[in-house]
Each structure stands twice: as structure tokens, then as C-alpha cells.
Amino acid sequence: MCWSLKELIAPEPVQKQPVVAWGSAGSGGKEGAKIPDLSGEDWSSSQKNPPDVYEKLGTPQGLSTGGEMANPVPSACCVVLAVVVVVYAQRHSQQDSHTQYERVGADVTMKCGSMDWDAAVTWTANGTDIDESHLNGSYLILKNVDLSQSGQYSCYEGSSWHLKYQTYLKVGTPPKEPVLMCRSNNYPKGFYCSWHLPTPTYIPNTFNISVIHGTKDMVCEKDAVPKNRCHIRYLQLFSTVKYKVTLTVTNALGKNFTTLTFDEFAIVKPDPPESVVAKPVPNNPRRLEVSWQNPSSWPDPESFPLKFFLRYRPLILDQWQHVELSDGTSHTITDAYAGKEYIIQVAAKDNDIGTWSDWSVAVHATPWTEEPKHLTTEAQITETTSASTSSFMAPPTTKICDKGAVVGSGAVAVCWTAGLVVAAYSVLFI
């Protein structure tokens with residue numbers, strides 16, 4: 001015999017035995033409080049034993065109570081019914097648990113499930129008891145809610161602390177008009193649209209985008225990263241029919257939208273040039289050689305050539321100098337200040353349509369400067385020796401002793417004495 005689904009879901013009521021719950025109010029129970037035994041049966045009670053249950057419901061065919069062999073087919077039936085019961089019970093237990101969205105600044109009232117207004121209940125927020133001053137009977141009243149009050153709210157019945165109601169409160173705002181931008185950086189393949197909200201809503205938002213070309217709906221393939229972008233492929237080039245893109249944003253508190261209308265030429269905007277390099281020109285103190293490459297996202301530079309815009313300035317000045325180039329991916333700056341560091345950037349644009357790209361990553365360079373010439377060690381020694389010798393030489397007109405003008409031995413003695421004195425004087429200076 002196999003139980004019916006009705007008997008499994010709604011068996012004959014049996015009085016539940018209370019058990020003591022441990023823990024604090026923050027964990028969903030109070031010390032000394034009673035909560036019902038969720039098993040529905042007290043197998044250890046002397047009033048009812050397991051055999052008594054079998055007597056009431058009948059012995060399942062998949063069980064053997066004696067020497068009789070169990071029948072596997074009814075047993076499989078019971079297993080299937082048991083799975084159905086588990087799923088039903090899980091769904092039924094979740095009926096009183098949901099998410100509630102409220103606007104910032106709103107007054108919020110929460111009802112404790114099916115409990116009467118005058119029932120004794122306890123409310124918690126994220127596991128912490130809520131003061132009774134926020135209660136109106138069994139109702140929870142929150143005034144002028146803000147973002148900090150988002151969280152899980154639970155209601156328990158009286159002193160038994162049986163969970164009667166649970167909700168997750170999410171406080172946020174309805175969306176404002178979204179910001180939408182469409183651009184073709186890989187013309188003529190197609191274009192992409194990206195979007196964002198001007199201010200956060202603090203709750204989940206859903207975006208829906210539609211693209212219409214004339215009367216034809218087009219598919220906007222969403223990117224995995226970033227999530228707020230999608231691509232549209234051109235079905236017809238050089239079309240004069242305008243595109244209309246509408247973006248709608250929706251959340252639990254409201255919705256908003258924005259619309260763009262344009263032709264394909266107006267949104268063409270290449271990515272900035274890549275691999276920009278600037279370097280000095282040898283023996284030219286006023287020149288800098290600048291080179292770059294086409295943006296890798298531009299698919300066909302031969303059929304759809306780009307022109308470039310170069311700007312540069314020394315770091316000591318705020319004013320830029322500009323050069324527009326119709327072809328080529330290099331340029332020589334000829335009016336740089338010698339020895340001054342320069343900052344250089346390049347932008348790109350289709351030759352005929354669209355707008356200029358953003359500026360490339362800035363690069364720095366300083367024009368060539370001549371290295372200063374230093375005196376050699378040998379030259380320095382020669383110059384020093386000459387200076388030392390000349391400082392100790394006697395003037396050419398000075399005469400130490402004129403033998404022809406002196407007569408006699410006394411004169412000779414005076415001459416020799418004067419010579420010794422001069423010699424000694426020279427030694428002192430050496």
C-alpha cells in the first residue's frame with residue numbers, strides 16, 4: 001500500500017511537544033522560550049511509539065514487518081510521492097518570505113503574516129530586536145526610511161518565537177532618464193550604443209533597447225563586457241534614412257526612457273591613434289620627430305583614409321600649437337624650443353565624415369642638445385704650472401749685483417751678502 005498525496009501533505013493533526021530553544025534574540029530565539037517541534041511527532045514520547053503510527057497509516061508495502069518480502073514497485077511509488085511532498089513543503093514555506101521595495105523617504109508598514117493586529121509579536125531587523133516603539137499592534141511601522149534600513153525583517157509569534165513572516169526590505173529610488181550614446185568607431189561595419197544612469201538607484205534595474213532604421217527593427221547584440229553596451233551591424237551603407245534608438249530602464253519603483261535619432265555619418269568617430277612616439281633629431285636642437293599608427297579598430301584605412309591633428313607644447317607653457325595632416329602617420333616639429341621638454345598628442349578623423357577622435361595618450365620628448373666640452377687634465381696641469389712659475393720669476397730689469405760697478409773686497413763681500421739674502425728670501429717663498 002502507498003500513501004496518497006493528500007494523506008502525506010495533510011495528515012491527521014497531532015499535538016506538538018514544545019522544546020527549549022537556545023540562543024539570543026539576535027539568532028531567532030530567546031533563552032528559556034518555547035518553540036514547536038518541527039518534526040510533528042515526538043518519537044521518544046511514551047504516549048506514541050513508531051508501531052502506533054504504522055497502525056494508524058498502515059504498514060508501507062516497501063517495508064517488511066515480518067518474514068514477508070517487500071514489493072519494490074509500491075516502494076518506488078512512495079519514493080516519488082515523498083519527493084513531491086518535499087518540494088511542496090519547500091514552496092509552501094517560502095510563501096511568507098519575499099522582497100519588498102520602498103522609496104527613500106517613504107513610510108513603510110509591515111504586517112506579520114496572517115497574525116491579528118492585537119497579537120503579541122516580536123520583530124527583528126538583520127537578527128537584532130526592533131524596539132516596541134516602532135510597533136502598532138503587531139504591525140511594524142518605519143518612518144522616512146533611508147538606505148541604511150535595507151535588510152531582512154522577521155516577525156515571530158509571541159513568546160514561542162515561531163517565525164510567522166519574513167521579508168527583505170530594499171530601499172532605493174526610481175530611475176532617472178538614462179544617458180545614451182551611439183558611435184561608429186569601425187565604419188563601415190556598424191556602430192555601438194552604450195548607456196548609464198546619471199545617479200544610482202540602489203536596487204536592480206532592467207534595460208531594454210530598440211533600434212529602428214526607417215520601418216525596420218534591427219537587432220542590437222549585447223556585449224558580455226561591458227554589460228551596458230550593444231552592437232548593430234549596418235545593413236545598407238550610405239543610407240540617408242535615419243536611425244532611431246530608444247532605451248528604457250525599469251526597476252521595482254518606476255521606469256524612464258530616452259531616444260536618439262541620427263544618420264550613419266553623424267556618429268562616425270574613430271578611436272585615437274596608437275603607438276605614438278616622439279624623439280629628438282640628432283644635431284637639430286629645434287626639431288622633434290613624431291610618428292604613430294592608425295587605430296586598430298579602424299577596419300579599412302585604404303578605402304576610408306584618416307586624417308590627423310597634432311598638438312604639442314613645452315611643459316613650461318599652457319598654449320598648444322596645432323598641425324593638421326591630410327595623410328601620413330609622421331610629422332617633424334621644426335619650431336621647438338631648444339632644451340625644453342615637450343608634451344605631444346594626436347587625434348584622428350575620417351577624411352570626409354564624422355567627428356575627431358579623442359586625443360591619444362600623451363608622450364614626452366626633449367629636442368637634441370649639444371654636450372658641453374670639458375677641459376682635459378693635461379691642459380689643466382700646463383696652465384697651473386705656467387701660473388706657478390711666473391709668480392716666482394724676478395722682473396727682467398732687476399739686477400741682483402753688478403760686478404762692474406763695485407770695486408774692492410768690501411764691495412765683493414757686500415755683493416755676496418746681497419746674493420745670499422735674495423737666495424734665502426726665494427727659499428722662504430718656495
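For Ser184, all conditions in the list (1) open to solvent by less than 30 Å² (accessible area, probe 1.4 Å); (2) under 30 Å from Ile267 (Cβ atoms); (3) in contact with a Ser or Thr (Cβ under 8 Å, 6 or more places away or on another chain) hold save one; what is the number of the exception?
(3)
Matching residues to (1) hydrophobic (A, V, I, L, M, F, W, C); (2) open to solvent by less than 80 Å² (accessible area, probe 1.4 Å); (3) under 17 Å from Lys279 (Cα atoms); (4) not in a strand (DSSP E or B):
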| site | (1), (2), (3), (4) |
| --- | --- |
| Arg313 | no, yes, yes, no |
| Ile316 | yes, no, no, yes |
| Asp335 | no, yes, yes, yes |
| Ser360 | no, yes, yes, yes |
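Please determine, by comparing only the residues of region 257-305 that are among the charged types (D, E, K, R) and assigned to a loop (DSSP other than H, G, I, E, B), which one is least open to solvent (accessible area, probe 1.4 Å).
Glu264
Here is a check on your reading of the model: is Phe308 part of a strand (DSSP E or B) and in contact (Cβ under 8 Å) with a residue 24 or more places away in the chain?
yes
Just to check your reading of the model, which residue among Asn284, Asn251 is in contact (Cβ under 8 Å) with a residue 40 or more places away in the chain and closer than 30 Å to Pro174 by Cα?
After ruling out the rest, the residue left standing is Asn251.
Of everything in region 319-333 that's under 37 Å from the mean Cα position of the chain (by Cα) and within 16 Å of His364 (Cβ to Cβ), which residue is surrounded by the fewest Cβ atoms within 10 Å (Cβ to Cβ)?
The extreme case among them is Trp320.
Residue check: is Tyr153 surrounded by 18 or more Cβ atoms within 10 Å (Cβ to Cβ), in contact with a strand residue (DSSP E or B) (Cβ under 7 Å, 6 or more places away or on another chain) and closer than 20 Å to Met110 by Cα? Write out each step before concluding.
Numbers: surrounded by 18 or more Cβ atoms within 10 Å (Cβ to Cβ): yes; in contact with a strand residue (DSSP E or B) (Cβ under 7 Å, 6 or more places away or on another chain): yes; closer than 20 Å to Met110 by Cα: yes.
For Tyr153, the condition - surrounded by 18 or more Cβ atoms within 10 Å (Cβ to Cβ), in contact with a strand residue (DSSP E or B) (Cβ under 7 Å, 6 or more places away or on another chain) and closer than 20 Å to Met110 by Cα - is met.
Determine if region 223-240 includes at least one residue that is outside any strand (DSSP E or B), touching a Phe, Trp or Tyr at 6+ places or on another chain (Cβ under 7 Å) and in contact (Cβ under 8 Å) with a residue 12 or more places away in the chain.
Scanning region 223-240 turns up at least one residue that is outside any strand (DSSP E or B), touching a Phe, Trp or Tyr at 6+ places or on another chain (Cβ under 7 Å) and in contact (Cβ under 8 Å) with a residue 12 or more places away in the chain.
The values are calculated or read from the model by the stated rules, or taken from the named source; none is laboratory data. Predicted model only: the values in this text are computed from it and were never measured. Heads up, the Cβs are rebuilt from the backbone with ideal geometry, glycines too, and the neighbour counts pull from every protein chain shown. Just so you know, the surface numbers come from the protein's heavy atoms only, side chains and all, with ligands and any DNA or RNA stripped out. Shrake-Rupley method; radii C 1.70, N 1.55, O 1.52, S 1.80 Å.
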